[in-house]
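Participant: Can you read through this structure? Questions will come right after.
The values are calculated or read from the model by the stated rules, or taken from the named source; none is laboratory data. Because the structure is predicted, anything quoted here is derived from the model rather than measured. Because the Cβ atoms are built from the backbone with ideal geometry, glycine has one as well, and the counts that use them run over all protein chains shown.
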Amino acid sequence: MHRGTGLAAQVVRKMASSGAEPQILVQYLVLRKDLSQAPFSWPAGALVAQACHAATAALHLHRDHPHTTAYLRELGRMRKVVLEVRHPGQGRDFEDAETGSGCGLEA
């Protein structure tokens, strides 16, 4: 998993502020590191399953958005980036970056 929510937030802000259609569309998945540790101690398979559910749900919910249709049109060019936050509060960086960008952040 990639670390450093700051970089992802900068990328989202740059895409949102440029107003340009992104050349390469990327779906970001943000996983909570604390879920794999005590007291939760989720196994890796459970975290992967949750990430898969989140990715599928986001595609379904935004299926009519032009970025989603473009993303699904070229299966060989699909890109996903998995980021890690250490605790739920750290996810606010993404919420702040998403505001007004039209990125469609889903919890």
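Participant: Looking only at the range 29-65, which residues are touching a Phe, Trp or Tyr at 6+ places or on another chain (Cβ under 9 Å) and of a type in the set (Asp, Glu)?
Facilitator: 34
Participant: Of everything in the range 1-46 that's of a type in the set (Lys, Arg) and at pLDDT below 90, which residue is farthest from residue 85 (Cα to Cα)?
Facilitator: Applying the filter and picking the extreme gives 14.
Participant: Now, a different point. Of everything in the range 68-95 that's within 16 Å of the chain's Cα centre (by Cα), at pLDDT 85 or above and of a type in the set (Lys, Arg), which residue is surrounded by the most Cβ atoms within 10 Å (Cβ to Cβ)?
Facilitator: Among them, the one singled out is 86.
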